[in-house]
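**Student:** My questions all concern the structure below.
The values are calculated or read from the model by the stated rules, or taken from the named source; none is laboratory data. Quantities reported herein were computed from a predicted structural model and do not represent experimental measurements. Positions of Cβ are generated from backbone atoms using ideal geometry, with glycine treated the same way; all protein chains shown enter the neighbour counts.
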Amino acid sequence: MTGEISGSAAARTAIGRRSLLAGGAALAGLLLLPGCATTGASLGLGYTEAVRRLLELATRNAFAKLTAPDGFWDSAVARINLPVLFGRRGSMMEGILRSPDFREKLQHRLNIIAEDGARAAAPLVADTVRTIGVDNAAALIQGEPTAATTFLRQAMGPAVVNAMIPELDRLLRVVDDPLVGKALSVLAGVDIADAAHALALEADNAIWYAIGAEEAAIRHDPAATNDPVLMRALKR
């Protein structure tokens, strides 16, 4: 798609995203293995607390990066592509959306707007991490590099998307962005509410990619956290 990350960078990003979210099925199988529920208790490692701390740190780091200026745009895993609705073929292809330069500017603008969507979702994610019940904590700690992220995403379902839609809708209306306005003007039957929903779906994926990347980084070097619980639980 014109305006997306191109060439080898796109390939790396696609591979990175696939690897970040891989392991969901493996995790499900692991949760069924006998003994996983008791491993943490027998070792005295406090796996439940470790999972919570792992998710707290991963989500905090991810949102800090994504809500910084150009946080989505500069991310190797979280840059948002143009939502599918901006790629519909038809009469629009004769208009401004056919221009690679315009599509890239529109993509960049939507990535910037997504930062505020992430700010709206961050408190909900943080509250969920603090209060969510964690079963089979040992399996999560011993699982794939993004096992805890996969668990949290499955538990939250569409909550992150739903938290972002109102803010994104408000911003698109208040800002009255000329780039977005021009793009919507050539899309028959598409309005700001549609654009806000489509952008929220893209931002949701990007947020979970970013959280997964942070979890994997923590697992790779738990000593960098200076957290004795994580360092002990994630020691290999």
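**Student:** Yes or no: segment 153-176 includes at least one residue that is surrounded by fewer than 18 Cβ atoms within 10 Å (Cβ to Cβ) and of a type in the set (Lys, Arg).
**Tutor:** yes
**Student:** I'm trying to understand the selection: among the residues of segment 226-236, which are part of a helix (DSSP H, G or I) and out of contact with any helix residue (DSSP H, G or I) (no Cβ under 6 Å at 6 or more places or on another chain)?
**Tutor:** Hits for segment 226-236 are Pro228, Arg232.
**Student:** Oh, and also: Name the pairs: first residue in segment 212-232 and of a type in the set (Asp, Glu), second residue in a helix (DSSP H, G or I), Cβ to Cβ under 7 Å, at least 6 apart or on different chains?
**Tutor:** If the second residue must be in a helix (DSSP H, G or I), the pairs left are Glu214/Ala58; Glu214/Asn61; Glu214/Ala62; Glu215/Leu54; Glu215/Ala58; Glu215/Ala148; Glu215/Thr149; Asp227/Arg53.
**Student:** Have a look at Leu85, Leu106, Leu124, Leu110 and point out the one that is surrounded by 15 or more Cβ atoms within 10 Å (Cβ to Cβ), in a helix (DSSP H, G or I) and modelled with pLDDT under 90.
**Tutor:** Values: Leu106 fails: modelled with pLDDT under 90; Leu124 fails: modelled with pLDDT under 90; Leu110 fails: modelled with pLDDT under 90.
Only one candidate qualifies: Leu85.
**Student:** Looking at (1) in a helix (DSSP H, G or I); (2) among the basic types (Lys, Arg); (3) modelled with pLDDT under 95, which is the one condition that is false for Arg119?
**Tutor:** (3) is the only condition that Arg119 fails.
**Student:** So, of the residues in segment 88-103 that are among the charged types (D, E, K, R) and either on the phi > 0 side of the Ramachandran plot or modelled with pLDDT of 80 or more (or both), which turns out to be surrounded by the fewest Cβ atoms within 10 Å (Cβ to Cβ)? Let's see the steps before the verdict.
**Tutor:** Taking segment 88-103 and keeping what is among the charged types (D, E, K, R), we get 88-89, 94, 98, 101, 103.
Those still in the list that are either on the phi > 0 side of the Ramachandran plot or modelled with pLDDT of 80 or more (or both) too: 98, 101, 103.
Details: Arg98: 12, Asp101: 10, Arg103: 21.
The qualifying residue surrounded by the fewest Cβ atoms within 10 Å (Cβ to Cβ) is Asp101.
**Student:** Can you pull out every residue in segment 138-194 that is closer than 30 Å to Phe102 by Cα, in a loop (DSSP other than H, G, I, E, B) and in contact (Cβ under 8 Å) with a residue 12 or more places away in the chain?
**Tutor:** Residues of segment 138-194 closer than 30 Å to Phe102 by Cα: 160-194.
Right, trim to in a loop (DSSP other than H, G, I, E, B) and you get 176-177, 186-191.
Of everything in segment 138-194, those that are closer than 30 Å to Phe102 by Cα, in a loop (DSSP other than H, G, I, E, B) and in contact (Cβ under 8 Å) with a residue 12 or more places away in the chain turn out to be Asp177, Val186, Leu187, Ala188, Val190.
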